[in-house]
Amino acid sequence: MIAVLATICFAASASAATITFAGAVLNDSGTEITFWRTAGTPKSLDIDGDNQYGTFGRIFCLVGTVGNVTLTAFGPGTQAEVGPFPGYALVDSPTTPGLAQQVRTTTNNAIAGSDVVLATFRVDQTVAPNEILRVGIALDGLDDAQFTGGTIGLQEAGGSSVEVATPANSTIDLYFFDITGGVPASTEFDIFGDTGTSDFITHSFVTLDVVVIPEPSSLALLGLSGLLIARRRRRG
């Protein structure tokens, strides 16, 4: 796993939710992104610990959505369906772990631009303030590195946003963003970014996972319990 954070941009948020960059898995071939739905393959950034990305929800461009998420729109001027083409990455089907399926992708058709919106999705179930929503955005993995954009980002509609640099490698990558502070049901998010050196920007699928943040009091009790056990062991 390689986590690369080149630029982060924050916008003022009218809501309590905050988006931060959580890390990336790059240059994947035959491991955790290829087998993103296969629990037998360890997942280095799976926040809920079940070794499957997209347990809470997933969007597979452009086969469909599963779980607590709805793809509501594609960005202006962005094609709704591209692929599959020879050379595109083979990954797990969004519905059948272990069944290989070739990725599709969105694309802006080589029109240069900044903050290009590729797609908008809606979170259909409330994520509580004591939970973290981790969103993964897959890109690259196409038949040429030139189709990778220069950045990829996530923005809450009318709220905060984060954008990170995306080095092109033509091998599928997965970038993760954490949303904290609570997400009411029906909240929408934009996937966006800047075009790369060949003026393209693309993405392939999206994963959503949720985990409860441990209460500080629980952590304190766990720490106290561990301390008491250690003391008892030393006395024994």
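The values are calculated or read from the model by the stated rules, or taken from the named source; none is laboratory data. Predicted model only: the values in this text are computed from it and were never measured. Every residue, glycine as well, gets a Cβ built from its backbone with ideal geometry; the counts of neighbours run over all protein chains shown. Surface accessibility is based on the protein's heavy atoms, side chains included, excluding ligands, DNA and RNA. Shrake-Rupley method; radii C 1.70, N 1.55, O 1.52, S 1.80 Å.
Residues that are hydroxyl-bearing (S, T, Y) and either part of a strand (DSSP E or B) or open to solvent by 10 Å² or more (accessible area, probe 1.4 Å) (or both) within segment 167-209 comprise S170, T171, Y175, T180, S186, T187, T195, T197, S198, T202, T207, listed in sequence order. The set of residues in segment 73-96 that are farther than 21 Å from S29 by Cα and out of contact with any Phe, Trp or Tyr (no Cβ under 6 Å at 6 or more places or on another chain) comprises A73, F74, G75, P76, G77, T78, Q79, E81, V82. Within segment 103-141, the residues that satisfy the criterion of being polar (S, T, N, Q), surrounded by 15 or more Cβ atoms within 10 Å (Cβ to Cβ) and modelled with pLDDT of 95 or more are T120, Q125.
Residues that are of a type in the set (A, V, I, L, M, F, W, C) and touching a strand residue (DSSP E or B) at 6+ places or on another chain (Cβ under 6 Å) within segment 147-171 comprise F147, I152, L154, A157, V162, V164, A165, listed in sequence order. Kindly indicate whether P84 is more than 19 Å from F200 (Cβ to Cβ) and assigned to a loop (DSSP other than H, G, I, E, B). So P84 does not fit the description; no. Could you grab the pairs with beta carbons closer than 9 Å, sequence gap of 6+ or different chains, first residue in segment 62-84 and within 13 Å of V123 (Cα to Cα) and open to solvent by less than 30 Å² (accessible area, probe 1.4 Å), second one charged (D, E, K, R) and part of a loop (DSSP other than H, G, I, E, B)? These pairs meet every condition: V69/D124.
A quick yes/no check of all residues on (1) in contact (Cβ under 8 Å) with a residue 12 or more places away in the chain; (2) in a strand (DSSP E or B); (3) among the aromatic types (F, W, Y):
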{"position": "Y88", "(1), (2), (3)": "yes, no, yes"}
{"position": "V91", "(1), (2), (3)": "yes, yes, no"}
{"position": "T95", "(1), (2), (3)": "yes, no, no"}
{"position": "I132", "(1), (2), (3)": "yes, yes, no"}
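Applying a threshold of 9 Å to beta carbon distances and a minimum spacing of six or more residues, or different chains, the list of pairs starting in segment 142-155 at a residue that is at positive phi and crowded, with 21+ Cβ neighbours inside 10 Å and ending at one that is modelled with pLDDT of 95 or more and assigned to a loop (DSSP other than H, G, I, E, B) is empty. Selection within segment 26-45: residues that are more than 24 Å from A168 (Cα to Cα) and free of Cβ contacts under 8 Å to residues at least 24 places away in the same chain. The member of this set that is most open to solvent (accessible area, probe 1.4 Å) is P42. Checking I33, I111, I59, I47 one by one, the residue that is closer than 15 Å to S204 by Cα, β-branched (V, I, T) and not in a strand (DSSP E or B) is I33 and no other.
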